[in-house]
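Below: one structure, written as structure tokens.
The values are calculated or read from the model by the stated rules, or taken from the named source; none is laboratory data. What you see is a predicted model; the values in this text were computed from it and never measured. Note that we place each Cβ from the backbone using ideal geometry, even for glycine, and neighbour counts take in every protein chain shown. Side chains included, ligands, DNA and RNA excluded: accessible areas come from the protein's heavy atoms. Shrake-Rupley method; radii C 1.70, N 1.55, O 1.52, S 1.80 Å.
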Amino acid sequence: MAAPLELSCWGGGWGLPSVHSDSLVVMAYAKFSGAPLKVNVIDNTWRGSRGDVPVLTTEDNTISQPAKILNFLRKQKYNADYELSAKQGADTLAYIALLEEKLLPAVLHTFWVESDNYFTVTKPWFASRMPFPLSLILPGRMSKGALNRILLTRGEPPLYHLREVEARIYRDAKECLNLLSNRLGTSQFFFGDMPSTLDAYVFGFLAPLYKVRFPKVQLQEHLKQLSNLCRFCDDILNSYFRLSLGGISPAGQETVDANLQKLTQLVNKESNLIEKMDDNLRQSPQLPPRKLPTLKLTPAEEESNSLQRLSP
């Protein structure tokens with residue numbers, strides 16, 4: 001019997017099996033290729049510290065990063081690209097590179113850098129799935145990691161700072177969405193009637209952007225104008241994830257959103273309290289350590305102590 005394949009990933013919301021793009025890429029590919037993954041959704045018992053998710057665990061290996069996980073699954077004969085031609089395989093690599101260069105920076109900015117989105121949606125959602133005190137530390141660390149990745153990939157001279165690159169990354173992302181929409185056309189998937197690696201990546205990047213309810217929706221509004229890409233996401237959700245999602249009614253989604261708003265307020269209050277306590281500790285006067293008084297013994301007492309130490 002083959003060893004079980006266990007995937008640790010961020011969970012879902014807003015009708016998605018996961019709100020995390022990298023997790024969605026792996027989950028979608030596993031569905032397309034028939035890989036029997038046991039999905040372990042991260043909750044407040046998680047003991048990770050860096051946010052390296054998703055993680056695939058086997059009997060002998062622990063693998064992170066979507067590309068490495070997908071390569072491992074292909075070696076285990078779970079190949080969603082089996083029927084692709086050499087040209088289609090090359091196109092897959094080219095489009096994935098395009099997604100990571102042109103679309104990913106804007107997705108990261110939408111979730112992790114845009115202030116209103118981060119403090120009202122992203123931070124509370126992820127913090128609620130982490131144990132204390134990691135819930136106060138790791139979301140900020142993940143936000144800084146996203147910002148560094150954006151500046152590393154898009155902050156080349158003469159655009160060094162985030163304000164200077166924001167307009168560019170959103171312009172590039174909209175052009176990328178237009179290109180994907182033209183490439184998909186009226187087809188069900190990007191290479192015909194069967195989903196492949198490219199479909200998993202496009203779905204993983206687009207579905208959270210399409211479904212999560214943000215207060216700032218610049219890129220989301222553009223995506224919703226491209227009806228074939230929205231239909232593409234809906235078809236994959238209905239065909240491959242419907243049973244696992246169980247469906248959420250509009251009233252149920254409103255309840256989820258109301259609970260998330262309450263959680264947002266709670267997390268922000270806790271963060272502000274921790275910051276105030278830290279500031280108070282830093283500003284409070286530091287008294288020098290007190291020295292204990294030294295007792296001086298009389299000559300008679302010293303002689304008596306010496307005799308007691310020498311006696312058997």
Q: Can you tell me which residue within segment 8-31, out of those that are out of contact with any strand residue (DSSP E or B) (no Cβ under 9 Å at 6 or more places or on another chain) and of a type in the set (Phe, Trp, Tyr), is farthest from SER143 (Cα to Cα)?
A: TYR29
Q: Identify all residues within segment 134-147 that are more than 15 Å from GLY11 (Cβ to Cβ) and in contact (Cβ under 8 Å) with a residue 24 or more places away in the chain; write none if there are none.
A: LEU134, LEU136, LEU138, ARG141, MET142, SER143, GLY145, ALA146, LEU147
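Would you tally the residues in segment 192-241 being open to solvent by less than 40 Å² (accessible area, probe 1.4 Å), part of a helix (DSSP H, G or I), in contact (Cβ under 8 Å) with a residue 40 or more places away in the chain and not polar (S, T, N, Q)?
Total satisfying the criteria: 18.
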(Q) Going residue by residue through segment 37-44, is there one that turns out to be open to solvent by 50 Å² or more (accessible area, probe 1.4 Å) and either among the small types (Gly, Ala, Ser) or assigned to a helix (DSSP H, G or I) (or both)? (A) no
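Output yes when any residue across segment 250-260 is open to solvent by less than 60 Å² (accessible area, probe 1.4 Å), among the polar types (S, T, N, Q), at pLDDT below 85 and over 21 Å from PRO54 (Cα atoms), and no when none is.
yes
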Q) Mind checking which residues of segment 70-108 are closer than 27 Å to LEU134 by Cα and touching a residue at least 60 places away in the same chain (Cβ under 8 Å)? A) LEU104, PRO105, ALA106, VAL107
(Q) Tell me yes or no: at least one residue of segment 144-161 is under 22 Å from VAL212 (Cβ atoms) and polar (S, T, N, Q). (A) no
Q: Output the number of residues of segment 108-126 satisfying the condition of being in a helix (DSSP H, G or I), over 11 Å from the mean Cα position of the chain (by Cα) and buried (at least 19 other Cβ atoms within 10 Å of the Cβ).
A: 8
